[in-house]
Amino acid sequence: MILGCDNLSFTRRQALVAGGLGTIGLSLPQLLRAETKVKTKTAKSIILVMPWGGPSQHDTFDPKPTAPQEVRSIFGSTATQTVGLRMGEYLPKLAGMSNRFSVLRAVSHSIGTHNPATHLVLTGYPPRIINQELTKASRLDNPTLGSVLARIRPSPEGMPSYVQLPLPMIDNGAFSPGQNAGFLGTAFDPLVVTQDPKSGGFSVVGTTPPENVGPERLETRRDLLSQLDYHAKRNENIAALQDMSTSYTKAYNLLRSAISMQAFDIGKEDTKLQDRYGRNKLGQSALTARRLVEAGVRLVLVADTTENTNGKWDTHGDLAKPLLKHLPESDYALSALLDDLKDRGLLDTTIVAWMGEFGRTPKLNSQANGGRDHWPHCYSVMLAGGGIQGGRVFGSSDSLGAYPREGRVRPEDILTTFYHLLGLPLSTELHDPLGRPFPLCTGTPIAALL
């Protein structure tokens with residue numbers, strides 16, 4: 001909607017429930033009981049910052065300072081509080097608080113094109129079309145992480161469960177698969193906020209009624225919504241009607257919710273805190289994300305990209321110029337977010353992830369001023385909060401940062417770790433419109449981080 005596998009208390013048989021939530025394999029009461037039983041899995045929400053386009057591992061979390069010049073970071077590196085971890089020199093604030101996060105240095109898969117790789121890292125499933133760059137999203141796709149949470153673990157009434165800001169991820173007109181609900185239907189798509197949060201009057205279209213719609217007219221629309229919902233329930237096999245009813249209900253609740261309106265209003269934050277995050281799209285989006293999870297949103301996807309292209313991090317040439325701007329922005333935004341969540345007592349219940357769809361080639365290419373091309377075979381991901389231990393480096397790359405040396409992690413392992421920390425039974429199954437079962441996840445939790 002655009003407005004602007006190891007919980008062992010459940011057997012497989014118990015997981016396959018007729019009725020309940022319909023398209024998933026567990027009833028709501030079971031899921032709620034599971035959440036109360038799992039005391040070591042404390043996460044309630046996720047803030048996923050996605051530097052879309054593929055950030056260079058050599059210039060962020062794996063600089064290779066002793067490698068040949070054509071391999072190592074084009075910048076210097078800096079020491080951190082974590083043994084065995086050096087980081088790019090333009091991430092000094094994060095380096096000074098490395099005890100709060102962990103780094104995966106051997107994330108690996110085989111898809112080297114943006115849109116299909118995005119589907120893999122956000123759903124945990126390979127896409128229908130592997131290596132076609134401008135693959136578009138389809139209702140045959142697997143649902144993204146946020147949509148799964150919206151279906152299984154929705155936010156309190158009046159708050160959206162899955163919010164994406166400040167932009168959708170679109171590559172030259174192709175809306176990337178992996179960022180919406182896929183076969184779960186439009187009712188579980190994200191609330192996509194496309195307004196620039198760094199503008200002074202930031203608000204979200206849809207969180208306040210139009211000027212000509214007063215309380216009486218809003219209630220009249222509620223009556224119409226009730227009729228739609230009645231017919232939707234009587235026609236349970238008509239997926240489009242069900243989607244429409246659910247979407248309209250969510251929109252109405254959003255209009256009526258004072259909590260949602262306040263959550264999106266970053267103008268209520270202290271100006272010094274806004275400065276701390278950075279007065280740019282990424283920084284103010286990260287601040288908005290904190291406000292949203294504080295209000296109960298399950299997942300906020302901060303798409304760190306530019307309009308209609310992934311060029312912000314897709315650095316094939318002239319590597320230095322964009323990174324000199326984007327790395328400090330990321331350093332400010334992520335360090336402020338970790339501090340802010342910690343100060344508010346939210347870091348223990350909020351997973352924070354900085355994760356691209358892949359990394360960059362070990363060697364600089366021959367383009368003007370040097371750049372790096374797509375490289376999914378080994379790259380770095382930063383994880384924090386929600387039960388993830390800080391101050392750890394898991395896995396390592398070879399001397400060139402080209403392939404995993406040890407501790408290889410797949411994208412599906414990362415998503416499975418998220419579900420584990422959220423206390424969701426990993427035996428849960430989703431079902432597509434044809435009734436075919438899909439496991440909630442196909443990976444293995446990264447035990448070393450927990």
Count - residues of the stretch 94-120 that are under 17 Å from the mean Cα position of the chain (by Cα) and under 19 Å from A402 (Cα atoms): 5
Selection count where residues are farther than 18 Å from R153 by Cα and either assigned to a helix (DSSP H, G or I) or modelled with pLDDT of 95 or more (or both), scope the stretch 416-434: 0
Boolean, R372 is under 23 Å from K64 (Cβ atoms) and crowded, with 21+ Cβ neighbours inside 10 Å: yes
Those strands (runs of 3 or more DSSP E) lying entirely in the stretch 48-130 with at least 1 residues aromatic (F, W, Y): 101-107
Enumeration of residues in the stretch 393-415 that are in a helix (DSSP H, G or I) and touching a His at 6+ places or on another chain (Cβ under 7 Å): P411
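This table checks each residue for (1) more than 22 Å from I111 (Cα to Cα); (2) touching a helix residue (DSSP H, G or I) at 6+ places or on another chain (Cβ under 7 Å).
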position	(1), (2)
S45	yes, yes
L48	no, no
T60	no, no
T66	yes, no
E70	yes, no
I74	yes, yes
R86	yes, no
Among the candidates A353, A384, residue that is closer than 24 Å to S285 by Cβ, modelled with pLDDT of 95 or more, among the aliphatic types (A, V, I, L, M) and in contact with a Lys or Arg (Cβ under 6 Å, 6 or more places away or on another chain): A384
Top-ranked residue in the stretch 315-350 [being touching a Gly at 6+ places or on another chain (Cβ under 6 Å) and surrounded by 24 or more Cβ atoms within 10 Å (Cβ to Cβ); ranked as nearest to P156 (Cα to Cα)]: T350
Residues (hydrophobic (A, V, I, L, M, F, W, C) and either part of a loop (DSSP other than H, G, I, E, B) or modelled with pLDDT of 95 or more (or both)) located in the stretch 297-322: V297, L299, V300, L301, V302, A303, W313, L319
Residue in the stretch 58-95 that is surrounded by the most Cβ atoms within 10 Å (Cβ to Cβ), counting only those that are among the polar types (S, T, N, Q) and touching a Gly at 6+ places or on another chain (Cβ under 9 Å): T60
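The values are calculated or read from the model by the stated rules, or taken from the named source; none is laboratory data. Values in this document were obtained by computation on a predicted structure and should not be read as measured data. For neighbour counting, all protein chains shown are included, and Cβ atoms are generated from backbone atoms with ideal geometry for every residue, glycine included.
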